[in-house]
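Contents: one structure, followed by commentary.
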Amino acid sequence: MRVDVHTHLVPRGWPDLAAECGGTGWPWLRIDSERAAMIMVGETEFRPIGPSAWDARTRLADMTADGVDLQVISPTPVFFSYDRPADQAIKVARIFNDLTLKLAAEGDGQFVPFCQVPLQDPDLACAELDRCLAAGHAGVEIGNHVGDRDLDDPGIVAFLQHCAAAGAPVFVHPWDMPDGPRLGRWMARWLTGMPAETHLSILAMILGGVFDAVPPSLRICFAHGGGSFAFWLGRAENAWHRRGEVVRGRSAHPPSHYADRFCVDSVVFDPAALRLLVATLGADRVLVGSDYPYPLGERPVGAVVDAADFLTDAQRAKLLGANALHFLGMQ
């Protein structure tokens, strides 16, 4: 069994969001041909996409080629809309969540849909999660922050507590990275900003006391191998002990105590990096992810796990599928 917990979709068309939701500057899709389109934000080109983003048959063919049995399909973060009024964000969430279910219905049972929520309003976010779970979604993807509010914000913590109570797995994806001249070259926002954003959010969960406030039943997974967290856990541990008056925040225990409270995906590309993840978090806490269908993702899916000669057969089976089934509540 091979399960990919980190993929995205973009529907091939959606209603005029300004007319449906209010406001201006919404994403829209410029159709360039039958097999090519461009996500636009206002008049700015954001990302080119093709049938792998919206077509079930294309996705299923790629899954077959890579030996993937199940694929979690989650929103593309540009649609989160956390910077907009909540009454607009809930409308766009409903639109894309319903479109996600349409694609999932074409997947012969191989697609596992995750929804999005207006995370800037915890009450609306909880209500939309409940609506989506009842409609057929299996979990929720959230961004790693809402403006200057990180994952230890009281409202976001209340949402995570609701996810735990509802039994909904949570996939955390970085988004809205810092920008500037130094980050505008070489895709540096993606190469450095995404890992840093994810690292910061795991620290917020730990030092902000979130793991002490939410039950262990919360199933939460961070994208892109947890960013740079595994590499710098020792630094955080040292700071917690030596500068505790500054660093400890609301955490009851040092950072290493919480390493078994969350999962990460395997999108690190290098077996040496995967070895560090497994050594730091444990073989039960790493799940195959690909970031399909985007060009910085991994193909074939799970290649880094297949290439990791330090894994035992039992560990490899966990990473390829069993851990994901547990995260999804299917096992």
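The values are calculated or read from the model by the stated rules, or taken from the named source; none is laboratory data. Note that this is a predicted model, so its numbers are computed, not measured. Cβ atoms come from the backbone with ideal geometry, glycine included; neighbour counts cover every protein chain shown. Remember, those area values only see protein heavy atoms, side chains included, never the ligands or the DNA or RNA. Shrake-Rupley method; radii C 1.70, N 1.55, O 1.52, S 1.80 Å.
Figures for the structure shown
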| item | result |
| --- | --- |
| Label-point separation in nm, Trp232 to Val246, each point 7 Å along Cα→Cβ | 1.4 nm |
| Rg ratio (alpha-carbon, reference 2.2 N^0.38 Å) - region 59-120 | 1.30 |
| Solvent-accessible area, 1.4 Å probe, carbon plus sulfur percent, for region 221-331 | 54 percent |
| Gain upon complete extension [Leu191, Ala18; 0.36 nm per residue less C-alpha separation] | 59.0 nm |
| When region 212-331 is reduced to its Cα atoms, the Kirkwood hydrodynamic radius in Å | 15.2 Å |
| Whole-angstrom Cα spans of region 56-182 along principal axes, big to small | 42, 41, 24 |
| Column: log10 I(q)/I(0), Debye, Cα scatterers of region 1-44, q = 0.19, 0.27 Å⁻¹ | -0.70, -1.02 |
| Amide H contacts under 5 Å for Val10, placed H, 5+ residues apart | Trp54 |
| Over 34 Å [Cα-Cα, the chain], rounded percent | 19 percent |
| Mean Cβ count within 10 Å, highest first, over the residues of peptides 123-136, 141-154, 196-209, 33-46 | 196-209, 141-154, 123-136, 33-46 |
| Cysteines in the chain lacking a second Cys C-beta under 4.7 Å | Cys21, Cys126, Cys163 |
| Centroid-to-centroid separation of region 6-74 and region 297-329 [C-alpha atoms, Å] | 27 Å |
| Only Lys, Arg (+1) and Asp, Glu (-1) charged, at Cβ; region 67-128 dipole about Cα centre in debye | 140 debye |
| Simple label model, 7 Å out from Cα along Cβ direction - Glu43 to Ala158, nm | 4.1 nm |
| Inter-label distance for Thr64 and Arg30, nm, one decimal - labels placed 7 Å from Cα along Cα-to-Cβ | 3.5 nm |
